[in-house]
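Worksheet for the structure shown next.
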Amino acid sequence: MSPYIVQLLFFLAGLVSILAASLDWDWFFNSQNARFFVHRFGRKRARLFYGILGFMLIIMSLLLIMSTIKMDK
């Protein structure tokens, strides 16, 4: 199993989250998990939350990749 699979999953989740927030995907914000934030904070703030979350997931994936590369040396 590739050591980068977890990093790839974090990156893809972050990318989907950013795309959903910026493109205002209905299917994403109507899902059960996102609906909680939409009802609680409104659609605009939920989009902001998921955009920031996506950015953080991508940063985390890049940090994990760099640490894995350092460990391989």
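The values are calculated or read from the model by the stated rules, or taken from the named source; none is laboratory data. Since the structure is predicted, the reported quantities are computational estimates derived from the model, not experimental observations. Glycine also receives a Cβ, built like all others from the backbone with ideal geometry; neighbour counts cover every protein chain displayed.
Of all the criteria given as (1) touching a residue at least 60 places away in the same chain (Cβ under 8 Å); (2) not in a loop (DSSP other than H, G, I, E, B), the one not satisfied by PRO3 is (2). Taking the criterion of being touching a residue at least 40 places away in the same chain (Cβ under 8 Å) and either among the aromatic types (Phe, Trp, Tyr) or not in a helix (DSSP H, G or I) (or both), the residues of region 7-50 that qualify are PHE10, PHE11.
Residue by residue, here is whether (1) surrounded by 14 or more Cβ atoms within 10 Å (Cβ to Cβ); (2) of a type in the set (A, V, I, L, M) holds:
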residue: PHE11; (1), (2): yes, no
residue: GLY14; (1), (2): yes, no
residue: LEU19; (1), (2): yes, yes
residue: SER31; (1), (2): no, no
residue: PHE55; (1), (2): yes, no
residue: ASP72; (1), (2): no, no
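Please determine, by comparing only the residues of region 33-45 that are under 16 Å from the mean Cα position of the chain (by Cα) and hydrophobic (A, V, I, L, M, F, W, C), which one is surrounded by the fewest Cβ atoms within 10 Å (Cβ to Cβ). My answer is PHE37. If I ask for residues that are hydroxyl-bearing (Ser, Thr, Tyr) and at pLDDT 95 or above, which ones from region 1-30 would you list? Within region 1-30, SER17, SER22 qualify.
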